[in-house]
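What follows draws every value from the coordinates through simple rules; no lab data is involved. Predicted model, so just to flag it, every value in this text is computed and none were measured. Cβ coordinates were reconstructed from backbone atoms using ideal geometry, including for glycine residues, and neighbour counts include every protein chain displayed.
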Ligand code: C2E
Ligand code: CA
Ligand code: CA
Ligand code: CA
């Protein structure tokens, strides 16, 4: 690896070289991961705060790397995005999630939804709408059972093209949620131009809403904003009963977090539906 030194000359740092090599190895390994069935999804329950039913799940990706162990998305998603692998991995994720939840719906006998995380580069890739359509048609999942989670960053970056892609997806009946809402508050003009279905309050506010007045104020404001624009609102990272009670009192619609469950395998989600009376 080369870096521009202070005097403009390229300097090589062994540390940087090692990091680049590691990244290259990771990228090569990730390229093979789909074909080798090393990627899998776990699902975190989303609970209604009004009647404590399981309303949906969020799909979260995992990579079981042979000889190394479990790799978390914070490590491999950025590499997938930079290398362009996110297009294939993202399509695999959408299709797998739709198939799994269609199966889960048949098992539990009611319509729960699945939220899938989209990365900005994935949405801008060619044929993204066809990727969604294909995932729905091969799985037989109803479009209304699929939600895509996007970030505010995506909506603020070259907005017109992005908004048209998202409107195309919505026209299919798929719903949209803004993930980590409140962390990119600088420009919300998109919200008057594009009708988002749901806001997801970031864990950084949820985790402090009982101890920090500012976090409580932001949480309260997001819930009010959502409801005044006819959107639903979900809180992520709910870890304590007191947080859940506070959120319910603030009329937040649903919640997700370790209080209810860590992300589970599909089989464990189906078992989880039978334990819900505990909340
Ligand atoms: P995210 O979308 O904000 O997902 C929530 C993260 O918080 C997950 O981490 C989840 O396991 C964790 N979490 C859930 N409840 C709690 C809680 O009560 N307390 C705490 N401390 N953490 C909680 P995970 O699975 O490691 O995912 C990290 C990030 O990676 C996700 O953040 C998302 O941005 C990204 N990601 C995961 N799967 C995918 C995917 O399939 N596609 C894309 N594009 N990104 C993904
Ligand atoms: Ca998410
Ligand atoms: Ca989130
Ligand atoms: Ca978050």
query: Sorted from largest down, what three extents in whole angstroms do the Cα atoms of the chain have along their principal axes?
result: 62, 43, 37
statement: Candidates 30, 70, 225; GNM for the chain (alpha-carbon contacts under 10 Å) flags as most fluctuating 70
statement: Taking r as the C-beta separation of residue 241 and residue 274 and R0 as 22 Å, the FRET efficiency to the nearest 0.05 is 0.60
- prompt: Two-decimal Rg/Rh of region 172-257 from alpha-carbon positions, Kirkwood Rh?
  reply: 0.96
Contact order relative to length of the chain, as percent, for alpha carbon pairs under 8 angstrom and 6 or more apart: 18 percent
field: Distance (nanometres) between label positions extended 7 Å along Cα→Cβ at residue 75 and residue 214
entry: 3.3 nm
task: Output the Cα-based Rg and Dmax of region 124-198 in Å, rounding Rg to one decimal and Dmax to a whole number.
output: 12.6, 39
- prompt: For region 104-230, what is Rg from Cα atoms divided by 2.2 N^0.38 Å, rounded to two decimals?
  reply: 1.15
query: So what is the orientation-averaged projected area of region 51-156, using the convex hull of its C-alpha atoms, in nm²?
result: 8.4 nm²
task: Could you work out the relative contact order of region 1-149, using alpha carbon pairs under 8 angstrom and six or more residues apart, expressed as a whole percent?
output: 19 percent
task: Counting only DSSP beta bridges with both residues in the chain, tell me the antiparallel percent, nearest 5.
output: 45 percent
message: Between helix 14-33 and the chain, what is the angle of the helix's C-alpha long axis to the longest principal axis, kept within 0 to 90° and rounded to the nearest 10?
response: 60 degrees
